[in-house]
Amino acid sequence: MAKVPITLTVNGQTTTKDVEPRTLLVHHLREALYLTGTHVGCDTSQCGACTVHVDGEAVKSCTMFAVQVGGSSVTTIEGIGEIGHLHPLQQGFWEMHGAQCGYCTPGMIMSAADLLQHTPNPSEDQIRHGLEGNFCRCTGYHNIIRAVQHAAQHMSPQRELAQAADD
Amino acid sequence: MTEKYFGKAMKRVEDPRFITGAGNYTDDISVLGMVHAAMVRSPYAHATIKSIDSSAALALPGVLAVLVGKDLVDAGINPIPTGWLLPDLKISAHHAIQPHEVNHVGDIVAVVIAESRAIAEDAVAIVEVEYEALECVVLGSAALAEGAVQVHPEAPGNLAFDWAIGDAAAVDAEFAKADRIVKLQLRNHRLVPNAIETRASLAEYRRAGDEYTLHTTSQNPHIHRVMLGAFIMGIPEHKLRIVSPDVGGGFGSKIFQYPEEVICLFAAKRLNKPVKWTARRSEAFISDAQGRDHETVAEAAVMNDGTLLALRVDTIANMGAYLTTFAPAVPTYLYGTLLNGTYKWKAIHAHVRGAYTNTVGVDAYRGAGRPEATYVVERMVSTVALELGLDPVDVRRKNFIQPSEFPYQTPVALVYDSGNYEPALDMALEKLGYKDLRAKQAEMRKAGKYIGIGVSTYVEACGLAPSALVGQLGAQAGQWESALIRVAASGKVEVLTGSHSHGQGHETAFAQVVADELQIPVEDIAIVHGDTARLPHGWGSYGSRSAPVGVSAIKMAANKINDKAKRIAAHLLEAAPEDVVHENGVFHVAGVPEASKSFFDVSLMAHLAHNYPADLEPGLEATHFYDPKNFVYPFGTHLAVVEVDGATGKTKLIRYVCVDDCGPIINPLIVEGQVHGGVAQGMGQALLENAVYDESGNMTSGTYMDYAMPRADDMVQLEIGHTVTPSPHNPLGLKGIGESGTISSTAAVANAVIDALAPFNVRHLDMPFTPEKVWRAMHSAKLAEAADD
């Protein structure tokens, strides 16, 4: 199948690769860019393990072709934080034991990041509703809820400071 | 004092890789020259294969090979054996690629190997397979009925086995004395385990040396090595390395030997290329071993004061098309033996027939037989209470085995080693505010609102198990566990364990135990698992055995390290070993703490052996193979509260309280995490999940759009408590906790739903309690009236 070039900025790094037009974004991330933190858990866009951010919004990267996001900026779990500089959600999942097998965790964190972006201080119900596009089979969601609450608590002051600085 | 780690809610050491996307799951691994496999699967539940034409597929650019069943048979590849044999078990050959006949939708008839996964999947669509469709059967009882279509010629009447336990005559005698016989007909429907990581394999072959390496999604790599090497493919075990890297959940489904590993290894050698296969979710639904699927008639003989006398159980277990690795054990020794529950039944008899059907094989799924048993017992006890007009809590309390009665010989073979059931019950009732909630329930009913409180006071048997015992019962495996502790010259420690973590946090919890035993910082310890090239033989993780068996092996190995370290330290201190004590992280002569040797001093000298006892081997390394003396018996009380909506029939879990006793707790974070997940899976069965086959054997709930797994908004925050009753027979008193939540919660939630429906004279409904089913039950009187008009 003829390949077409696409240019993507992923986690701040811009690359151009030739891809088959039918390549899903998730496969492009995993197989061409070796960003294997984004996982595949189903083939019907139900599980959310493949959630990444495209231009700041959470998307299930199995629902988009790589060629659809040419020119876009993509953030994956590898780009949201790192050891020593963890994102508050990564820290929250660690502190609250929000991960067991770890397979759903990257998608869960990326979905939760989107939730907190729109709803900085979510209620328990809002967190449950916000994460209903992501399956976890290990945790019963109990500690995932606590992880997101932990992150929200630790992000709010930072936001307020940033807001104050902007004013 | 050195820091004590046992009992501490330590953050997990494995988490940094999982929260940053740096986990290393099988499908994340790629190697140079790797090619891809895609399976051609039968769309028929039962058919003969007339012909396979792969010419169009082979003509597709990038397709390297299409292999069929005959290729494997001609090369001497054996069928996949069953790992647990019951007397007179009828076994039908299960070939990795079926050469002549398919027996369920999803059975593999060919494999395409291609340069990319996409090309392989394109080619699968154009492999022309001509089938002659045969009649099929999907329900266990239908398969055993007179005149049913025959699934396998080896099993007349589709009867895989006919098994019984208990004293039938003693049961009859109790029934004759009873005030009342309570009968329940129960369907424990089929489930799909659904680990979020689908199964995957990457097989590599090195022609020089004739050696294989298989990375695969396994809970027990050594079991795969034995089965693949010695039984199926004839690969000498020392030429076959199995690596099970990070594994994204198992729940039993990754114990078993599946066809795809065989196919990938075979193709890797045939093509002399690394071959990878990763299941699509839609493949997982028709190829991962499934769980439960019982049809049961249970009868209890009881007295009017609520005394339980005897239990008679007759179960048909749907085994699916093939008997997978541990399948025969699940509805027999893991089910019939647990039908006693926490009560003093005078007699129990269970009769179980295993039925072949044209469905995916059924094997261990979280709890494996014990949730099915608990469902029977706990539904029965609540039904007894309902029929006698007694409180379900009172009936349970009245019949509990008392603390002074342990060890307790049940009428169904098990000897419960320990237990203390009432404190857990009381703590759970207290947490829930049971009495007040009952009063509130009565008030709400008057207002047309329906909540239900479900009780389950379970016991389970886990930590499989004395090897000689399981051998007598038919296991073709041992059930001990191994540990090897290797101390480096610098005092850093590797612990190689035969247990396998696929989410359970062994790298943290096991290190906590070793840190205490060796009195060293937990940071100095690495837990190694999942690689047959590195580990002593181990039997892996399932049946909640990692703590009671795996950690016991580690504890015993640590004792050996300490004994040897003490001898080395004594030599360095110029003292007798019996005068040396090991405390606060150092070795010193008792009463002389000023002169001491550190763990580092000892480790270094063990490696240098310059100043060393003449009669002692250098090095500091110890292995222990621990064979458990009995099962362990966690127990507890689970209380579920549901609300049903009279207008829609929708059932919502609104509270969940559980008090579990898993013995001493190494890490409360991890233990509670296991409970949370277990409860979600058990509640999922009661309210949501169902593996549905149509009459042609198609799985109609074969995607996540159709199979309802619990999502975040289906669950509530759990209210958890613990009591601690150590097991008397292993060195740290540990019991298991991986399955308790699932074992108990299905019954608790089911009892809650039936309790909510009491005003509608509902005595029993089969799970899952879908809105339609519940709504019909609530309106059945009105519906019947309308029908009469």
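Just so it is clear, none of the values below were taken in a lab; they were calculated from the coordinates. Here the structure is a predicted model, which means the values were calculated and not measured. Note that we place each Cβ from the backbone using ideal geometry, even for glycine, and neighbour counts take in every protein chain shown.
With the simple model of a label 7 Å out from the Cα in the direction of the Cβ, residue A:132 to residue B:183 spans 4.2 nm.
Charges at C-beta only: +1 for Lys and Arg, -1 for Asp and Glu. How large is the resulting dipole of the protein assembly as shown about its Cα centre, in Debye rounded to 20? Please report the intermediate quantities before stating the final value.
On the way: 75 positive and 108 negative charges, 70 e Å.
Roughly 340 debye, rounded to the nearest 20.
Please work out the FRET efficiency for the pair residue B:168 and residue B:304, using the Cβ-Cβ distance as r and a Förster radius of 35 Å; give the result to the nearest 0.05. Let's see the in-between values first.
Working: r = 25 Å, r/R0 = 0.71.
That pair, residue B:168 with residue B:304, gives E of 0.90.
In a DSSP loop and with at most 16 other Cβ atoms within 10 Å, the trypsin sites (Lys or Arg not before Pro) in the stretch A:17-52 are A:22.
Taking a ≥ b ≥ c as the square roots of the Cα gyration tensor eigenvalues, with a/c under 1.5 meaning rounded and otherwise prolate when a/b beats b/c, else oblate, which class fits the protein assembly as shown? It is rounded, given that a/c, with a ≥ b ≥ c, falls under 1.5. Fully extending the segment from residue B:391 to residue B:24, taken as 0.36 nm per residue of separation minus the present Cα-Cα distance, adds 127.0 nm. Taking amide H atoms as placed 1.01 Å from N in the peptide plane, the amide H of residue B:5 lies under 5 Å from those of B:516, each 5 or more residues away in sequence or on another chain. Summarising the strand pairing of the protein assembly as shown, around 80 percent of its internal DSSP beta bridges are antiparallel. If the chain linking residue B:576 and residue B:73 were pulled fully straight, counting 0.36 nm for each residue of separation and taking away their Cα-Cα distance, it would gain 174.6 nm.
About its Cα centre, what dipole magnitude does chain B give when the only charges are +1 on Lys and Arg Cβ and -1 on Asp and Glu Cβ, stated in debye to the nearest 20? Don't skip to the answer; put the middle values down first.
Details: 66 positive and 92 negative charges, 109 e Å.
In debye, rounded to 20, chain B gives about 520.
Of A:74, A:52, A:19, the residue with the greatest mean-square motion in the GNM of chain A, using alpha carbon springs below 10 Å, is A:19. Local charge for residue B:637 was computed over the other residues whose Cβ lies under 11 Å away, with Lys and Arg +1 and Asp and Glu -1, and equals -3. Annotation: lysines with alpha-carbon distance below 20 angstrom to residue B:50 (same-chain offsets under eight excluded): B:70.
Which order do peptides B:360-366, B:179-185 fall in by mean Cβ count within 10 Å, highest first? Spell out each step's value before the answer.
On the way: B:360-366: 27.9, B:179-185: 14.4.
Sorting B:360-366, B:179-185 by mean packing, highest first, produces B:360-366, B:179-185.
In chain B, a dipole from Cβ-located charges (positive for Lys and Arg, negative for Asp and Glu) runs towards its positive end, and of B:253, B:54, B:505 it is B:505 whose Cα lies farthest in that direction.
Under the definition of partner shielding as Cβ atoms of other protein chains within 10 Å of a residue Cβ, what is the mean value for peptide B:189-199?
Working: counts 0, 0, 0, 0, 1, 5, 5, 18, 9, 6, 0.
That average works out to 4.
Ignore the peptide's own chain and count Cβ atoms of other chains within 10 Å of each Cβ in B:698-708; give me the average, rounded.
Numbers: counts 0, 0, 0, 0, 1, 4, 9, 4, 2, 1, 0.
For this peptide, the per-residue mean of nearby foreign Cβ atoms is 2.
Distant-in-sequence amide contacts of residue B:137, defined by a placed amide H-H separation under 5 Å and a gap of 5 or more residues or a different chain, comprise B:358. When peptides B:752-760, B:439-447 are ranked by their average number of other Cβ atoms within 10 Å per residue, the highest-first order is B:752-760, B:439-447. Applying the criteria of a DSSP loop state and at most 10 other Cβ atoms within 10 Å to the trypsin sites (Lys or Arg not before Pro) of the stretch B:633-686 yields no site.
The mean number of partner chain beta-carbon atoms within 10 angstrom of a residue's beta-carbon across peptide A:143-149 is 2. For residue B:314 and residue B:272, a Förster radius of 41 Å and the Cβ-Cβ distance give a FRET efficiency of 0.15, rounded to the nearest 0.05. Each residue of the stretch B:89-102 is assigned a 3J(HN,Hα), and the resulting list reads 6, 9, 10, 10, 4, 10, 8, 4, 10, 5, x, 10, 9, 10 Hz, derived from the Karplus form 6.51 cos²θ - 1.76 cosθ + 1.60 (θ = phi - 60°), x at Gly and Pro.
Mind checking which lysines have their C-alpha under 22 Å from residue B:650, skipping anything on the same chain fewer than 8 residues away? Partners found: B:440, B:446, B:449, B:773, B:782.
Within the straight-line cut-off of under 15 Å between alpha carbons, the aspartates and glutamates reachable from residue B:431 are B:422, B:660, B:719, sequence neighbours fewer than 8 places apart in one chain being disregarded. Computed over the stretch B:146-241, relative contact order equals 14 percent, with contacts defined as Cα pairs under 8 Å that lie 6+ residues apart. Seen from residue B:725, the other residues with C-beta closer than 12 Å to its C-beta sum to a net charge of -3, counting Lys and Arg as +1 and Asp and Glu as -1.
Net charge in the neighbourhood of residue B:14 (other residues with Cβ under 11 Å of its Cβ; Lys, Arg +1, Asp, Glu -1) is 0.
Which of the three applies to the stretch A:4-80, rounded, prolate or oblate, going by the alpha-carbon gyration tensor with a ≥ b ≥ c and a/c under 1.5 meaning rounded? Show your work: numbers first, answer last.
Values: a/c = 1.59, a/b = 1.22, b/c = 1.31.
Taking the square roots of the gyration eigenvalues as a ≥ b ≥ c, the stretch A:4-80 is oblate.
Couplings 3J(HN,Hα) for the stretch B:21-36, derived from phi with the Karplus relation 6.51 cos²θ - 1.76 cosθ + 1.60 (θ = phi - 60°), are x, 9, x, 10, 8, 3, 5, 7, 8, 10, 10, 4, x, 5, 10, 10 Hz, where x marks Gly and Pro. Measuring nothing but how far apart in sequence close Cα pairs (under 8 Å, 6+ apart) lie, relative to its length, chain A scores a relative contact order of 22 percent. Rounded to the nearest 500, the helix-only mean residue ellipticity at 222 nm of chain B stands at -8000 deg cm²/dmol, with each DSSP H run of n ≥ 4 adding -39,500 (n - 2.57). I need the GluC sites (Glu not before Pro) found in the stretch B:547-597, filtered to DSSP loop residues with at most 16 other beta carbons within 10 Å of theirs. Sites meeting the loop and neighbour criteria: B:574. Normalising the average separation of contacting C-alpha pairs (under 8 angstrom, six or more residues apart) by the number of residues puts the relative contact order of the stretch B:262-331 at 21 percent.
Express as a percent, rounded to the nearest 5, the fraction of DSSP beta bridges in chain B (both residues included) that run antiparallel. Walk me through the numbers before you get to the answer.
Values: 102 of 128 bridges.
Around 80 percent antiparallel, to the nearest 5.
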